[in-house]
Amino acid sequence: ATLLLSRCLLKMVKENIVVPEEILSFCCNGLQGSTSPPRAREPGEREEAPGAMASPSPTGNPTEVQMSQLVLPCHTNHRGELSTGQLLKWIDTAACLSAERHAGCPCVTASMDDIYFEHTISVGQVVNIKAKVNRAFNSSMEVGIQVSYEDLCSGKHCSICKAYATFVAQGPSGSKVKLKPLTPQTEEEKIEHSIAAERRRMRLVHKDTLKDLLNRSPRETELETRDGSAAVPAEKTRVESVELVLPPHANHQGNTFGGQIMAWMENVATIAASRLCHAHPTLRAIEMFHFRGPSQVGDRLVLKAIVNNAFKNSMEVGVCAEAYGQEMSVSRRHINSAFMTFVVLDQEGRPRTLPMVAPEPGDGVRRYREASARKKIRLDRKYVVSCKQTEVPLSVPWDQSNKVYLSYNNVSALKTLVAKANWALAREKEKVRMYTLEEDKFLSFRIEMSVRIAAGRAFSLLSDLRRRHEWDSHYASAELVQQVDDDDVIYHVVSQTLSHENKPQDFVILASRRKPCSKGDPYVVAFRSVTLPTHPASSSFTRGETICSGFCIWPESEETSKVAYYNQATPGYLNYVTTNVAGLSSNFCATFEACEKFLLKNKEDLIVRLQDL
């Protein structure tokens, strides 16, 4: 590493580039396990041992961990690129350290969400990993991880991937530990904290989403050939390997590091992919996976991999990890299963066309079909969940297979808007307050007031759009089109407002409801436009769209709630918003006052009915 840095300095000298004194001092002092120049200690600050990780600053997130690793030849593959298995080990280590900072006790990896690798990392570059706890639930917590690389010679920084891992705190004898809640401080932390509950919900229904898609897909398996070549039997790609778990592979409790298991799985998956394409593949994505049980020092880990399906430019490899002890007679324990997507790049860095795979009857055909379903789910998840809000069209086509991710996007978009820090009070009339938020291309507003009604009751009344015309004069009618599940409903709404074409507007709206996940969370009712084949745009109406709107209801006491309505104004709605913000109209205030009367009236009606009973 010193030789590499010296070469960089020599190049700078030859090109007449001034070398900063900090770097020269750093080289003289030698590398001590960090790629950053040593900083001066504050008065009273204790000196850390060489190679130790610095503690977070008092004003920062106490769970934040930063790791910097210089990529050496022993970390790389034949192309001089960082092995993805090694990167996974570093990611898991940093995330585990962050989780243990919050829990104050040992933690184990429970699951990892989808990881998309955007770039490769070369020898001599620095990997920077930042991990911090986003939210703590009962005994589990979500840790967010950001990975980037740094080129020491050019100073270039580039993002590699973003990941979310779930860790479980363990007490003596492996018992679960109840975690203390985490209080977010910054705007970014508040957004991540709020959306973590939605990501958790999505993880819990992941398997059901796959089963539902498979049940609705045709059972016939259609094979084809590409470039005149016959399909390759999947059995020719099968790989099986065994690893002995030694003390360096485990934590102080003797449990195998999750990152080590992932690295071994990536190794056999790469071999299986190579047997199909007869080239060196590149890992592009890892599917969301869960660890089903622990493995300890002394275990033998059997790793199996096979190519499940090969698409035009990518292939899915399924990997399974099983553990057993010294006794072969004891049944193997299923530790983990993962699905990895590989591509083969040509000299220009473009994906090559891959041969088709011929699955074996039975389980082979099942894996083939499941791989196709997972690809569909990955595309939905990446398109709807991972995109920036401005990259998602206003109306996303509704499909049964992407309902989980559209619901997630709907609620998380509203929660993100709620967590923004720069809301400014624009108007105040009696109990009604109106705030605005100006950023980039969007003008958003929120209207709030306190109402003497229980939060749960207000949540029930405001989430039913069929009753909105009772208090909102802009609504003519709302028809329930599809009851997706207990939390999501699709409505066809007709507005009283006339468009510039002198026709009433109509909307197809997905309404997603969420009850509080923990104390302090609001009740949420989120709205966004979707496209339904059964309800195309009609000549009788002007089709309107909403990208992000909805209600958040916070309990203030048993009988009082703070009700807030949020809306990210679309162009067709902008003039109406600005007119109210400027004080040229009081429609917003009047509408919200009518909303209060509606809530109080129905509260009284409920009390009367209960008294009659």
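Scanning segment 76-106 for residues that are open to solvent by 20 Å² or more (accessible area, probe 1.4 Å), of a type in the set (S, T, N, Q) and modelled with pLDDT of 90 or more turns up Thr76, Ser83, Thr84, Gln86, Thr93. Residues in segment 285-301 that are part of a strand (DSSP E or B), in contact with a Phe, Trp or Tyr (Cβ under 8 Å, 6 or more places away or on another chain) and under 13 Å from Met265 (Cβ atoms): Ile286, Phe289, Leu301.
Hey, among Thr166, Thr109, Thr183, Thr120, which residue is within 30 Å of Leu82 (Cα to Cα), open to solvent by 40 Å² or more (accessible area, probe 1.4 Å), among the hydroxyl-bearing types (Ser, Thr, Tyr) and outside any helix (DSSP H, G or I)? Walk me through how you get there before you give the answer.
Values: Thr166 fails: open to solvent by 40 Å² or more (accessible area, probe 1.4 Å); Thr109 fails: open to solvent by 40 Å² or more (accessible area, probe 1.4 Å); Thr183 fails: within 30 Å of Leu82 (Cα to Cα).
Going through Thr166, Thr109, Thr183, Thr120 in turn, the sole match is Thr120.
Residues in segment 325-362 that are under 22 Å from Ala110 (Cβ atoms) and surrounded by fewer than 19 Cβ atoms within 10 Å (Cβ to Cβ): Arg332, Arg333, His334, Ser337.
Do we find that Gly293 is open to solvent by 20 Å² or more (accessible area, probe 1.4 Å) and more than 27 Å from the chain's Cα centre (by Cα) in this structure?
Working: open to solvent by 20 Å² or more (accessible area, probe 1.4 Å): yes; more than 27 Å from the chain's Cα centre (by Cα): no.
No; evaluated as a whole, the condition is false for this residue.
Scanning segment 150-173 for residues that are touching a residue at least 12 places away in the same chain (Cβ under 8 Å) and within 27 Å of Asn251 (Cα to Cα) yields Ile160, Cys161, Lys162, Ala163, Tyr164, Ala165, Thr166, Phe167, Val168, Ala169, Gln170, Gly171. Does segment 465-482 hold any residues that are part of a strand (DSSP E or B), within 19 Å of Phe541 (Cα to Cα) and not hydroxyl-bearing (Ser, Thr, Tyr), and which are they? Passing the criteria: Ala476, Ala478, Glu479, Leu480, Val481.
Yes or no, residue by residue, for (1) at pLDDT below 90; (2) part of a helix (DSSP H, G or I); (3) open to solvent by less than 50 Å² (accessible area, probe 1.4 Å):
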| residue | (1), (2), (3) |
| --- | --- |
| Glu438 | yes, no, no |
| Ser450 | no, no, yes |
| Ile453 | no, no, yes |
| Ala458 | no, yes, yes |
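Within segment 38-75, take every residue that is at pLDDT 50 or above and assigned to a loop (DSSP other than H, G, I, E, B) and give me the one that is farthest from Arg284 (Cα to Cα). Per the stated criteria, the residue is Thr59.
Surrounded by 17 or more Cβ atoms within 10 Å (Cβ to Cβ), over 27 Å from the mean Cα position of the chain (by Cα), modelled with pLDDT of 90 or more and outside any loop (DSSP other than H, G, I, E, B) - does that describe any residue in segment 507-525? Yes - at least one qualifying residue is present in segment 507-525.
Considering only residues that are part of a loop (DSSP other than H, G, I, E, B) and open to solvent by 50 Å² or more (accessible area, probe 1.4 Å), which ones fall in segment 550-567? Even if it seems obvious, please write down each step before you answer.
Restricting attention to segment 550-567, the residues satisfying the condition of being part of a loop (DSSP other than H, G, I, E, B) are 556-560.
Glu556, Ser557, Glu558, Glu559, listed by residue number.
Checked against (1) buried (at least 20 other Cβ atoms within 10 Å of the Cβ); (2) closer than 23 Å to Pro397 by Cα; (3) of a type in the set (A, V, I, L, M), Leu480 passes all but a single condition, namely (1). Among residues of segment 225-238 that are at pLDDT 90 or above, those with a Cβ under 8 angstrom from a residue that is open to solvent by 80 Å² or more (accessible area, probe 1.4 Å), sequence gap 6+ or separate chain, pair up as Lys236/Arg275; Thr237/Arg275.
Of the residues Ala279, Ala285, Ala250, only one is assigned by the TED database to the domain that holds Asn309, open to solvent by less than 70 Å² (accessible area, probe 1.4 Å) and under 24 Å from the mean Cα position of the chain (by Cα); which?
Working: Ala279 fails: under 24 Å from the mean Cα position of the chain (by Cα); Ala250 fails: under 24 Å from the mean Cα position of the chain (by Cα).
After applying the criteria, what remains is Ala285.
Within segment 423-434, the presence of at least one residue that is surrounded by fewer than 21 Cβ atoms within 10 Å (Cβ to Cβ), in contact with a strand residue (DSSP E or B) (Cβ under 7 Å, 6 or more places away or on another chain), modelled with pLDDT of 90 or more and not in a strand (DSSP E or B) is confirmed.
The values are calculated or read from the model by the stated rules, or taken from the named source; none is laboratory data. What you are looking at is a predicted structure, and each value in this text was computed from that prediction instead of being measured. Here the Cβ is made from the backbone with ideal geometry for all residues, glycine too, and neighbour counts use every protein chain on show. All accessible areas refer to the heavy atoms of the entire protein, side chains included, with ligands and DNA or RNA removed. Shrake-Rupley method; radii C 1.70, N 1.55, O 1.52, S 1.80 Å.
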